Amino acid sequence: MSHGFTIFGGTANPALAAAIARDLHVQIGACAIDRFPDGEVAVRLLEPVRRKEVFLVQSTSPPVNDHLVELLAFADACRRAAAARITSIVPYFGYARADKRDGRREPITGRVVADLLEAVGIAQVVTVDLHTPQIEGFFHAPVDSLTAVPTLCRALRDRLPTDFVVVSPDAGRVQLATQYAQCLGAPVIVLHKRRQSGVQTEVTHIVGDVSNRACLIVDDIISTGGTVAESAAALLRAGARPEIIVAATHGLLVLGARHKLDHPSIREVFITDTVCATEKDWPKLHVISIAPLIARALERFLAATSAEETS
Ligand code: R5P
């Protein structure tokens, strides 16, 4: 039988962890996280977790490897302190794009991460808009993959221009774009993207008519901003109105993404707080919190656990 629950937040996104705890009317768990001068991480729990349900909130966002090792250390500390069950809440799951081999002699690093999380005793994973659903299959543990689409659609609803289309920036995002389109009642356009390198993409075809339409470009991740910028340029070349809105769950915004997205035709950019916002004072950027989405998921777990315990 578990004796209550504790939520701990790692250094990837303490504000999100605090918002989830606030939503659930609990204090965030006390812990100390330090870095040794050589870069190693030191985690210490400052309160007991024996026989407790533990939720660790840690996105494996940049610096990905540091945040990942911190999560592993955290889980190991909880396991050794006899937590009843450890659930890792990884709102942004790094290495999700390394979900298959594109050629021979390549790793499937997403699978390696899943193995590592399970090796340290993580019994359950909660994540948001996984890059591909098959990542769930990398785990033996249950994975609850939540979606931020309804949350983002609520924020977008009043900000969208008339007569717009939802744009999937590549074939891999058609399902995501369809979710937005159904939620917002708009047609879907699909771009065909060719990735030339980690920072360079090229749109080769547009499936559907965008002439004189406004566009909502949707994606799961904005990393360098190259995909969105290239998509916007291709849509404008194809006759779209210079009224482009962008929505993505995970705003990594690395390597000058802001500069790429500062094109005057890109009116607004909506992301969530799965990743701690690195950009401040950027009026076109809207960060929508998914804390309530995660808090509701945790309430469901806790209700199910207490039903199991009393049955
Ligand atoms: C790719 O498959 C993803 O869905 C995103 O389109 C991609 O990760 C975005 O990266 P960037 O912003 O660097 O183009």
Exception for D99 within (1) open to solvent by less than 20 Å² (accessible area, probe 1.4 Å); (2) at pLDDT 95 or above; (3) in the same structural domain as R50 (by TED's automatic domain parsing); (4) closer than 29 Å to F270 by Cα falls at (2)
Within region 277-292, is there a residue that is among the hydroxyl-bearing types (S, T, Y) and part of a strand (DSSP E or B)?
-> no
Selection from region 200-227 of residues that are over 18 Å from the mean Cα position of the chain (by Cα), of a type in the set (A, V, I, L, M) and modelled with pLDDT of 95 or more | A214, L216
In region 42-89, the residues that are in a loop (DSSP other than H, G, I, E, B) and either among the charged types (D, E, K, R) or within 23 Å of L302 (Cβ to Cβ) (or both) | L46, E47, P48, V49, R51, K52, Q58, S59, A81, A82, A84
Subset tally (residues that are at positive phi and either away from the ligand (no atom under 16 Å from the Cβ) or open to solvent by less than 10 Å² (accessible area, probe 1.4 Å) (or both)) for region 246-281 | 1
Counted residues in region 98-130 being outside any strand (DSSP E or B) and among the β-branched types (V, I, T) come to 5
When (1) touching an Asp or Glu at 6+ places or on another chain (Cβ under 6 Å); (2) surrounded by fewer than 19 Cβ atoms within 10 Å (Cβ to Cβ); (3) in contact (Cβ under 8 Å) with a residue 60 or more places away in the chain are applied to L302, the one that fails is (1)
Give the residues of region 194-226 that are away from the ligand (no atom under 12 Å from the Cβ), in contact (Cβ under 8 Å) with a residue 24 or more places away in the chain and assigned to a strand (DSSP E or B), sorted by residue number.
-> I206, A214, C215, L216
Quick one: which residue in E243, E230 is more than 26 Å from R22 (Cα to Cα), within 10 Å of the ligand (Cβ to nearest atom) and more than 21 Å from the chain's Cα centre (by Cα)?
-> E230
Taking the options L117, L156, L152, L160, name whichever one is more than 14 Å from the ligand (Cβ to nearest atom), open to solvent by less than 10 Å² (accessible area, probe 1.4 Å), of a type outside the set (G, A, S) and over 18 Å from H250 (Cα atoms).
-> L117
Tell me, please, whether a residue that is crowded, with 19+ Cβ neighbours inside 10 Å, without any contact (Cβ under 8 Å) to a residue 60 or more places away in the chain and assigned to a strand (DSSP E or B) can be found in region 227-237.
-> no
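The values are calculated or read from the model by the stated rules, or taken from the named source; none is laboratory data. Keep in mind that this is a model prediction, so the values were computed, not measured. A quick note on method: Cβ atoms are made from the backbone with ideal geometry, for glycine too, and the neighbour counts reach across all protein chains shown. Remember, those area values only see protein heavy atoms, side chains included, never the ligands or the DNA or RNA. Shrake-Rupley method; radii C 1.70, N 1.55, O 1.52, S 1.80 Å.
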